[in-house]
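Let me begin by presenting the structure, written as structure tokens, before commenting on it.
The values are calculated or read from the model by the stated rules, or taken from the named source; none is laboratory data. If you're wondering where the values come from, they're calculated on a predicted model, not measured in any experiment. All Cβ positions, even for glycine, are placed from backbone atoms using ideal geometry, and neighbour counts span all protein chains on display.
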Amino acid sequence: MLKGIAHFERTHHYWTTFHDDEARSETDPRWLASKTWNGVISRHTTRALVDACAERGIPLVDLNDVDPFPGVPKIRPDNTAIGYLGAEHFIERGFQNFCYCGFSNESWSRERRDGFSEAVGLAGRECMVMDVDYPGDLTPFWDEAQVSKLASWMKRLPKPIGIMACNDMRARELISAAHADGILVPEEVAILGVNNDAVRCDLSDPALSSVAPNAFQSGFRAATLLRELLLGQVPRILDQRVEPIGVVTRHSTDVLAVDDRNVVAAMSFIREEACHGITVEQVLQHAHVSRSQLERKFRQHIGRSPQAEIRRVQLKKIRQLLLETDFPLKRIAELTGFEHMEYMCVLFKRLTGESPGIYRTTMQDKSVVWAARKSA
């Protein structure tokens, strides 16, 4: 959001901006009295802030994802669309069982739940719901109690199942609950969060898939709207919704829905160990099935052989390292289970049609072009 606001400033109008990163003005209106402000954009809007701005005649734009204050223009995510994206993500992966896990006392969570349920219903399936009241302040004791309750609940669910959580925090509780009860993620329970908080998502084990709302666009629109208010214009729509960007897929949903225990065990082992140079024989030991049976089951449920699945996981990791690091190819080969860098390069080109070096250069160039278009 801050990047969106900053982009508006750079491209449209220069403002002298104070960033209240400690949210002091949320509880102490004296901050508003400390200077002669022309306008306010608020992420955590309170009644005290609304009243203080109204008393001083200061235009206010609300970015908080709660019910609007009367007369205060608001920019917030299209939560129904977020729910739809979550359902479509699981439907595309062949899931037949669906569940939403959220907070019954939060309007944004209910909107995401309703969008998810509606999309699942349109696909001819039913959606289970696990909602609780959120206390408003996360404590270790509440979190621990939730994990225990969720573990007991998840144990009874039909599997495989796709669960959409109302946000990334709730999704991480689901992952912890699955670990506590020995439930495999994503092979038995695939878990999807919302907000795409990169730190939360990457620190999860497995890394958490998440629906990415367009926070940049929200910030940009808020700055645009504030400028219109400063010019004396009356907003045509007081409650504007911003479409989400899409689902950022990580390990927690990177699976096809399969109800065969041998395949699930093999897929779980491959996901964890493919980049350590494993062989199909090692996979067989964890799947407890013969090679011919596993080959047949993989082609039936996954559409490829166990060896091809190992290569798919390795290839995905190679691409990630090429994009996100400046590691030399020798180091990337070591990190993805290849003894010889040359073999990794040959395999990468055979599977993708281009060398690792060309792929890295091409994708970096595309990133530069995308960034330039976004700031245009």
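Confirm whether Ser218 is hydroxyl-bearing (Ser, Thr, Tyr) and modelled with pLDDT of 90 or more.
Considered against the rule, which asks whether it is hydroxyl-bearing (Ser, Thr, Tyr) and modelled with pLDDT of 90 or more, Ser218 comes out as yes.
Being closer than 30 Å to Val147 by Cα, touching a Lys or Arg at 6+ places or on another chain (Cβ under 8 Å), not acidic (Asp, Glu) and not in a loop (DSSP other than H, G, I, E, B) is the requirement here; does Val247 meet it?
no
For residues that are among the aliphatic types (A, V, I, L, M) and in a helix (DSSP H, G or I), scanning just the stretch 139-161, find the one that is surrounded by the fewest Cβ atoms within 10 Å (Cβ to Cβ). Give the steps one after another, and end with the answer.
Step one: list which residues in the stretch 139-161 are among the aliphatic types (A, V, I, L, M), which gives 145, 147, 150-151, 154, 157, 161.
Restricting the remaining residues to those that are in a helix (DSSP H, G or I) gives 145, 147, 150-151, 154.
Working: Ala145: 11, Val147: 20, Leu150: 23, Ala151: 19, Met154: 24.
The qualifying residue surrounded by the fewest Cβ atoms within 10 Å (Cβ to Cβ) is Ala145.
Within the stretch 86-116, track down each residue that is small (Gly, Ala, Ser) and within 15 Å of Glu187 (Cα to Cα).
Selection gives Gly94 alone.
Report, by residue number, each residue of the stretch 308-364 that is among the charged types (D, E, K, R) and either closer than 18 Å to Val280 by Cβ or not in a helix (DSSP H, G or I) (or both).
Hits for the stretch 308-364 are Glu309, Arg311, Arg312, Asp326, Glu339, Glu354.
Among Glu228, Glu295, Glu272, which is the only one that is out of contact with any Phe, Trp or Tyr (no Cβ under 6 Å at 6 or more places or on another chain), part of a helix (DSSP H, G or I), in the same structural domain as Ala54 (by TED's automatic domain parsing) and free of Cβ contacts under 8 Å to residues at least 60 places away in the same chain?
After ruling out the rest, the residue left standing is Glu228.
Among the residues of the stretch 247-261, what is the count of those that are small (Gly, Ala, Ser) and modelled with pLDDT of 80 or more?
Applying the first criterion (small (Gly, Ala, Ser)) to the stretch 247-261 yields 252, 257.
Still in the list and also modelled with pLDDT of 80 or more: 252.
Number of matching residues: 1.
Give the residues of the stretch 90-102 that are surrounded by fewer than 21 Cβ atoms within 10 Å (Cβ to Cβ) and not in a loop (DSSP other than H, G, I, E, B), sorted by residue number.
Within the stretch 90-102, Ile91, Glu92 qualify.
Being farther than 23 Å from Gln96 by Cβ and outside the structural domain of Glu187 (by TED's automatic domain parsing) narrows it down to one of His286, His301, so name that one.
Details: His301 fails: farther than 23 Å from Gln96 by Cβ.
Going through His286, His301 in turn, the sole match is His286.
Determine whether Ile278 is surrounded by 16 or more Cβ atoms within 10 Å (Cβ to Cβ), aliphatic (A, V, I, L, M) and not assigned by TED's automatic domain parsing to the domain that holds His89.
yes
Only residues that are free of Cβ contacts under 8 Å to residues at least 12 places away in the same chain and either on the phi < 0 side of the Ramachandran plot or not in a loop (DSSP other than H, G, I, E, B) (or both): list them for the stretch 180-201, please. Talk me through it step by step, then tell me what you get.
If we filter the stretch 180-201 for residues that are free of Cβ contacts under 8 Å to residues at least 12 places away in the same chain, which is where we start, we get 182, 198-199.
Result: Ala198, Val199.
Exactly one of these conditions fails for Arg221: (1) assigned to a helix (DSSP H, G or I); (2) outside the structural domain of Phe8 (by TED's automatic domain parsing); (3) crowded, with 20+ Cβ neighbours inside 10 Å. Give me its number.
(2)
Looking at the stretch 65-73, is at least one residue at pLDDT 95 or above and acidic (Asp, Glu)?
Within the stretch 65-73, none of the residues are at pLDDT 95 or above and acidic (Asp, Glu).
If you take the residues of the stretch 261-275 that are closer than 14 Å to Arg311 by Cα and not aliphatic (A, V, I, L, M), which of them is surrounded by the fewest Cβ atoms within 10 Å (Cβ to Cβ)?
It comes out as Glu272.
For every residue, the table says whether it meets (1) within 17 Å of Ala151 (Cα to Cα); (2) crowded, with 21+ Cβ neighbours inside 10 Å; (3) in the same structural domain as His7 (by TED's automatic domain parsing); (4) modelled with pLDDT of 95 or more.
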position	(1), (2), (3), (4)
Ile163	yes, yes, no, yes
Val189	yes, yes, no, yes
Val194	no, yes, no, yes
Arg200	no, no, no, no
Leu203	no, no, no, no
